[in-house]
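S.K.: Okay, here's the structure, questions in a sec.
The values are calculated or read from the model by the stated rules, or taken from the named source; none is laboratory data. Computed from a predicted model, the values in this text were never measured in an experiment. A quick note on method: Cβ atoms are made from the backbone with ideal geometry, for glycine too, and the neighbour counts reach across all protein chains shown. Please note that ligands, DNA and RNA were not included when accessible areas were found on the heavy atoms of the full protein model with its side chains. Shrake-Rupley method; radii C 1.70, N 1.55, O 1.52, S 1.80 Å.
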Amino acid sequence: MPPRNIIIDTDPGQDDAVAILLALASPDEIEVLGITAVAGNVPLPLTAKNARIICELAGRPDVPVYAGCDAPIARKLVTAEHVHGKTGLDGPDLPDPVMPLQDTHAVDFIIDTLRAHAPGTVTLCPLGPLTNIATAFTRAPDIVTRVQEIVLMGGAYFEVGNITPAAEFNIYVDPEAADIVLKSGAPIVVMPLDVTHKALVTKARNDAFRALDTPVGIAVAQMTDFFERFDKEKYGSEGAPLHDPCVTAYILRPDLFSGRHINVTVETTSDLTLGMTVADWWRVTDRAPNALFIGVIDAQGFFDLLTERLARL
Ligand SMILES: [Ca+2]
């Protein structure tokens, strides 16, 4: 089987960084056509820079990185420095990137790439607010049916919210974009907090990263140490959830996950529940299923895969 073509749309973010590293560590299965940065955890100039820092850490300065939308479609940007630190990648001390940012806008890259490849051969992997993807779909509706699959991190049902009591961060930042994507008709897999909160970096798992004793292994351990402080205070959990790498792991090993094919709709008007993903988990409506909503992960299998792959970089 040839490797699967993907575009990673991202707002790095320590967990985005690990998701990117996992993809770049798996060239037999995954061809990263490009990385598109979006405003989210931190503003766009930082996410576009951080994406390049991670490519260079992986020894892959050849991967093209594009800057995309610097603000949500209809709202002011909300960021998450309280989780990720001022740079978005706080923890390790990584050098500024030397590789250039591409001149093309991320939205144009997404449109051009989907049009240039045969239908059903490019998968989108959004790890941040869905602004770039929704803008591309709105500007070029013809590309929607060309998408092989969208595997995204965002939303929650049983875990409800992490930025408001009702909403997960990626969806909350740009609910209009999420609405466009979820209603697009493209095949969608959603990695909500319900599953990512089961992908916890315990001390033993973080020690395994550090024990790789490579620049990548040490940087991942330091990134995880950094945002773990926040999560432990907030959730009292045994370690930080590694949200975004669930997306890459699903591309590599879908058998590690399971969920339900259900309807997922986003609240875009209520002040109280803005950005809430209303997931019809119990199938109590007649709304047509539009996404595979994941709820279960083989967490140890996931961390074994991650550690084994990071060791290759
Ligand atoms: Ca992210």
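S.K.: Out of PRO2, PRO27, PRO61, PRO12, which single residue is of a type outside the set (Asp, Glu), open to solvent by less than 20 Å² (accessible area, probe 1.4 Å) and part of a loop (DSSP other than H, G, I, E, B)?
M.R.: Details: PRO2 fails: open to solvent by less than 20 Å² (accessible area, probe 1.4 Å); PRO27 fails: open to solvent by less than 20 Å² (accessible area, probe 1.4 Å); PRO61 fails: open to solvent by less than 20 Å² (accessible area, probe 1.4 Å).
Answer to the check: PRO12.
S.K.: Counting only residues that are touching a Ser or Thr at 6+ places or on another chain (Cβ under 8 Å) and of a type in the set (Asp, Glu), which one in the stretch 130-174 is nearest to the ligand (Cβ to nearest atom)?
M.R.: In this case the residue turns out to be GLU168.
S.K.: Could you check the stretch 42-54 and list, in sequence order, the residues that are open to solvent by less than 10 Å² (accessible area, probe 1.4 Å) and touching a Gly at 6+ places or on another chain (Cβ under 9 Å)? I'd like the intermediate steps shown before the answer.
M.R.: Within the stretch 42-54, the first condition is being open to solvent by less than 10 Å² (accessible area, probe 1.4 Å), and the residues that meet it are 42, 47-48, 50-51, 54.
Those that are open to solvent by less than 10 Å² (accessible area, probe 1.4 Å) and touching a Gly at 6+ places or on another chain (Cβ under 9 Å): VAL42, THR47, ALA48, ASN50.
S.K.: Looking at ALA74, ALA39, ALA116, which one is open to solvent by 20 Å² or more (accessible area, probe 1.4 Å) and closer than 19 Å to ALA177 by Cα?
M.R.: ALA74
S.K.: What's the number of the condition VAL189 fails, among (1) within 23 Å of ASN50 (Cβ to Cβ); (2) open to solvent by less than 30 Å² (accessible area, probe 1.4 Å); (3) modelled with pLDDT of 95 or more?
M.R.: The number of the failed condition is (1).
S.K.: Give me a count of the residues in the stretch 119-136 that are touching a residue at least 40 places away in the same chain (Cβ under 8 Å) and either at positive phi or open to solvent by 10 Å² or more (accessible area, probe 1.4 Å) (or both).
M.R.: 2
S.K.: Sticking with this structure for a sec: Residue by residue through the stretch 127-150, note down the ones that are of a type outside the set (A, V, I, L, M, F, W, C) and part of a loop (DSSP other than H, G, I, E, B).
M.R.: Matches in the stretch 127-150: GLY128, PRO129.
S.K.: LEU292 passes all but one of (1) touching a strand residue (DSSP E or B) at 6+ places or on another chain (Cβ under 6 Å); (2) closer than 30 Å to ASP225 by Cα; (3) away from the ligand (no atom under 16 Å from the Cβ); which number fails?
M.R.: So LEU292 meets the others, but not (2).
S.K.: Test LEU46 against the stated conditions and say whether it is away from the ligand (no atom under 16 Å from the Cβ) and of a type outside the set (Ser, Thr, Tyr).
M.R.: Taking the combined requirement at face value, the residue does not satisfy it.
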